[in-house]
Amino acid sequence: MVDRSFTDPSLAALYDSLNPWGPGDDFCLGQVMSAGTVLDIGCGTGRLLGRARREGHRGRLMGLDPAAAMLVRARAHEPGVEWVLGDLRSREWHGEFELAVMTGHAFQVLLGDEELRLALAAVRAALAPGGRFVFETRNPGARAWERWTPDRVREIPDGDGGVVRVWHEVESVAAGGERVTFTETFEGARWARPQVDRTTLRFLGADALDRFLRGAGFVVVERYGDWGRGPLTVAAPEIVTVAEPADRHNWAP
């Protein structure tokens, strides 16, 4: 199920303000600009591919997202990109893309083992020979969820001269910290009462990620702990992964 914060137009309109362009976007934009054909999985409001097109990318750019409210915003901002409503299971893939990206920690919404295997198999099928898959997850060692507390309130413009207050609260941490369920609450004049979205994310460590990747026929070629290409340490905030089809490396599990 897609989170309400992505399917509700009033909440989707706040996404870019809550998640301003940052170092991770710069990292991924560099990857996009160096590839001729790109699939952005969970593209959201489409700012990555939209920025690439505006900066001169002339190849095929496809943004895929299951939330119509996000794609409405993507199409409005940059009509010159192929925006597709759906997920990786919505179509067959035939090696069309030199690069697949999955940004915004979207990888963490793949909660079940089989769901994750099917998604990785679809990414593998979508990649051309020599293609790359770039994604990031939050490093479970950094325990980011411990900072998702109601006292940490953010205020952003609501677009009508007012502000929206946003905060998070963890409801449960299960499977030894691998699955975290939390709420995101939005409060502002546009709603009669606070709007609450509930989400569960999966926090996989590097070893577990690599097992799934190997099972799908990938090999990791680059791995970082932050967007500045720093090393992956126990407390590094991110696990940034660049993977390629294993057959390119004459590798087998």
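A few points about this structure:
- For segment 48-89, a Kirkwood radius taken over Cα pairs fed into Stokes-Einstein (10 °C, viscosity 1.306 mPa s) yields D = 151 µm²/s.
- Sum of -39500 (n - 2.57) over DSSP H runs of 4+, divided by residues of the chain (222 nm, nearest 500): -7000 deg cm²/dmol
- Three-way shape label, segment 1-99, alpha-carbon gyration tensor, a/c 1.5: oblate
- Segment 30-156, relative contact order in percent, only Cα pairs under 8 angstrom and at least six apart counted: 25
- Taking the Kirkwood radius as Rh and the Cα radius of gyration as Rg, segment 74-171 has a ratio of Rg/Rh equal to 1.07.
- For the chain, the equivalent ellipsoid built from the Cα gyration tensor has semi-axes of 29, 23, 16 Å, listed from largest to smallest.
- Probe 1.4 Å, all protein chains present, accessible-area order of 93, 167, largest first: 167, 93
- In the complete set of protein chains, residue-level accessible area for residue 213 is approximately 0 Å², probe 1.4 angstrom.
- Virtual paramagnetic centre 7 Å along Cα→Cβ of residue 154, amide N under 15 Å, in segment 21-46: 21-25, 45
- Segment residue 16-residue 189, length gained on full extension (0.36 nm per residue, minus Cα span): 60.4 nm
- Subtracting the Cα-Cα distance of residue 125 and residue 212 from their residue separation scaled by 0.36 nm leaves 29.8 nm.
- Difference of contour (0.36 nm per residue) and Cα-Cα distance, residue 90 to residue 114: 7.0 nm
- Simple spin-label estimate for residue 221 and residue 144 gives 2.5 nm between the two label positions (7 Å along the Cα-to-Cβ direction from each Cα).
- Considering only Cα atoms, the convex hull volume of segment 117-181 works out to 175 Å³ per residue.
The values are calculated or read from the model by the stated rules, or taken from the named source; none is laboratory data. Fair warning: this is a prediction, and the values are worked out from it, not measured in the lab. Positions of Cβ are generated from backbone atoms using ideal geometry, with glycine treated the same way; all protein chains shown enter the neighbour counts. When the accessible area is computed, the model is the full protein with side chains, heavy atoms only, and any ligands, DNA or RNA have been set aside. Shrake-Rupley method; radii C 1.70, N 1.55, O 1.52, S 1.80 Å.
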